[in-house]
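Bear in mind these aren't lab numbers, they're just calculated from the coordinates by the rules spelled out. No experiment lies behind these values; they were computed from the predicted model shown. FYI the Cβ positions are ideal-geometry reconstructions off the backbone, even for glycines, and counts take in every protein chain you see.
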Amino acid sequence: MSDPRAIVAGHGAFAEGMLSAIEQITGRSDVFLGVTNSDLSTRDVEQLMRKRIEASGAQVVFTDLPAGSCTMAARRIQRDRPDVSVVTGVNLAALLDFVFGSDAGAADAVQHAAKKGREALAVTGVPRGA
Amino acid sequence: MALELYRIDDRLIHGQVVVGWGQPLDLRFIVLVDDEVASSDWEQELYRMGVPADMDVYFDHVDDAVHNLERYQQDSRSGLLLTGDIDTMTRLVDATGAIGNVNLGGIHHRQGRTQRLRYVFLTRDEEGQLRALAERGVSVSAQDVPAARPIPLAEMLDGEGHR
């Protein structure tokens with residue numbers, strides 16, 4: 001076990017759900033810290049996220065939606081913390097890749113995880129009536 | 001078409017606005033009325049980043065929005081006007097006399113405010129401002145997302161809150 005290396009932030013129980021899935025698949029609950037924006041103002045989301053980043057030393061923030069208030073908060077934090085990377089539109093595949101890839105260094109791991117996340121999004125079959 | 005919703009939301013552009021309302025209303029433009037954001041290129045870039053490429057965002061100072069409102073209302077596309085606080089919306093209503101409905105989408109906890117709904121917290125002064133809007137004939141209701149029931153102002157302020 002080690003210090004968390006990234007924040008997962010999103011709407012509702014998005015982060016909680018992702019962290020639960022990661023724990024089930026990998027047994028690792030030490031890589032990420034979760035943040036939810038539920039019922040919080042933009043300012044409060046930013047304060048909460050900033051606290052988590054400073055307390056953990058995490059330099060990566062994964063968020064669920066480009067327009068979401070978590071993404072806005074993370075981008076505001078980047079103004080005085082340009083060493084923090086923000087990845088929006090994250091999915092489970094990307095986070096799982098980061099779990100195993102981030103030991104070597106966050107910079108490469110972020111790019112690799114984003115690539116894996118994009119590759120994992122696929123459509124099979126054709127809905128009836130299409 | 002034209003402006004479908006006049007919303008007060010201290011998070012300004014975020015998921016509920018862009019996706020939650022944006023999809024069902026087929027929003028093609030957002031008018032963000034906020035003096036601070038309208039004065040900051042950086043803030044504008046931040047909000048524009050979160051919006052799909054086929055959706056326009058107009059950043060107006062309050063005075064500009066007063067001047068431009070009629071044009072936005074006559075736009076053939078579907079749009080949403082957004083302010084971050086009650087003061088700004090009240091100024092728009094007073095100066096134009098052309099806003100008949102106001103949606104409370106998110107006014108969050110701050111010292112001195114009392115919780116009225118999960119997503120609406122108000123000071124006594126803010127309650128007074130909203131009541132004054134209603135007395136001038138503006139229909140004020142709280143509704144965070146389209147699938148939720150709109151809660152009329154009187155119902156929301158009835159009782160001691162904390163619901």
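Quick one: order B:GLU126, B:GLU43 by neighbouring beta-carbon count within 10 Å, fewest to most.
Ordered from fewest to most neighbouring Cβ atoms within 10 Å, B:GLU126, B:GLU43 come out as B:GLU43, B:GLU126.
With θ set to phi - 60° and the Karplus curve 6.51 cos²θ - 1.76 cosθ + 1.60, what are the ³J(HN,Hα) couplings of the range A:47-56 in order, to the nearest whole Hz, using x for Gly and Pro?
Karplus values, whole Hz, x for Gly and Pro: 4, 4, 5, 4, 4, 5, 5, 5, 5, 9.
Can you list residues whose amide H is under 5 Å from B:VAL140's amide H, if they're 5+ apart or on another chain and H is modeled 1.01 Å from N?
Those qualifying (amide H under 5 Å, at least 5 residues apart or on another chain) are B:VAL102, B:LEU153.
Through the Karplus equation 6.51 cos²θ - 1.76 cosθ + 1.60, θ set to phi - 60°, convert the phi angles of the range B:2-14 into ³J(HN,Hα) values in whole Hz; use x for Gly and Pro.
Per residue, the Karplus-derived 3J(HN,Hα) values read 6, 7, 8, 8, 10, 10, 9, 8, 6, 8, 6, 7, 7 Hz.
Using modelled amide H (1.01 Å from N, peptide plane; none on Pro or chain starts), what sits under 5 Å from the amide H of A:VAL61, excluding residues fewer than 5 places away?
A:ILE7, A:SER85, A:VAL86, A:VAL87
In whole Hz, what ³J(HN,Hα) sequence does the range A:117-124 give by Karplus (6.51, -1.76, 1.60; θ = phi - 60°), x for Gly and Pro?
After applying 6.51 cos²θ - 1.76 cosθ + 1.60, I find x, 5, 5, 6, 7, 9, 10, 10 Hz.
Could you tell me the extents of the range B:2-157's C-alpha atoms along the three principal axes, largest first, rounded to whole Å?
Taking max minus min along each principal axis of the Cα atoms, the range B:2-157 gives 38, 29, 29 Å.
Taking neighbour Cβ counts within 10 Å as the exposure measure, how do B:LEU117, B:LEU25 sort from fewest upward?
The fewest-first ordering by Cβ neighbours comes to B:LEU25, B:LEU117.
For the protein assembly as shown, compute Rh as the Kirkwood radius over C-alpha pairs and then the Stokes-Einstein diffusion coefficient at 4 °C and 1.567 mPa s; write the answer in µm²/s, rounded to an integer.
63
Among A:GLU46, A:GLU119, A:GLU23, whose mean-square fluctuation peaks in a Gaussian network model of chain A (Cα, cutoff 10 Å)?
Among A:GLU46, A:GLU119, A:GLU23, the largest mean-square fluctuation in the Gaussian network model of chain A belongs to A:GLU119.
Running a GNM on chain A with Cα contacts under 10 Å, which residue among A:GLY27, A:GLY89, A:GLY101 ends up with the highest mean-square fluctuation?
Most flexible of the set in this elastic network: A:GLY27.
For the range B:82-163, take the alpha-carbon Rg, divide it by the Kirkwood Rh, and send me Rg/Rh.
0.93
How would the range B:40-113 be classified by its alpha-carbon gyration tensor: rounded, prolate or oblate, with rounded meaning a/c under 1.5 and the a/b versus b/c comparison settling the rest?
Here the range B:40-113 falls in the oblate category.
If the only charges are +1 at each Lys and Arg Cβ and -1 at each Asp and Glu Cβ, what is the size of the charge dipole of chain B around the Cα centre, to the nearest 20 debye?
Dipole size: approximately 640 debye.
With each label point set 7 Å from Cα along the Cα-Cβ vector, what nm distance links B:ARG136 and B:GLN44?
The two pseudo-label positions are separated by 2.7 nm.
Give me the inter-chain shielding for B:4-17: mean count of other chain Cβ atoms within 10 Å, whole number please.
Whole-number average of other-chain Cβ neighbours for B:4-17 is 4.
Amide H to amide H, which residues 5 or more places from B:ILE30 or on other chains are under 5 Å from it, using H placed in the peptide plane?
Amide H neighbours of B:ILE30: B:ASP56, B:VAL57, B:TYR58, B:LEU80.
How many percent of DSSP beta bridges within chain B run antiparallel, rounded to 5?
So the antiparallel bridges in chain B amount to around 15 percent.
What Rg and what Dmax come out for chain A when only alpha-carbon atoms are used, in angstroms?
When restricted to Cα atoms, chain A yields Rg and Dmax of 14.9, 52 Å.
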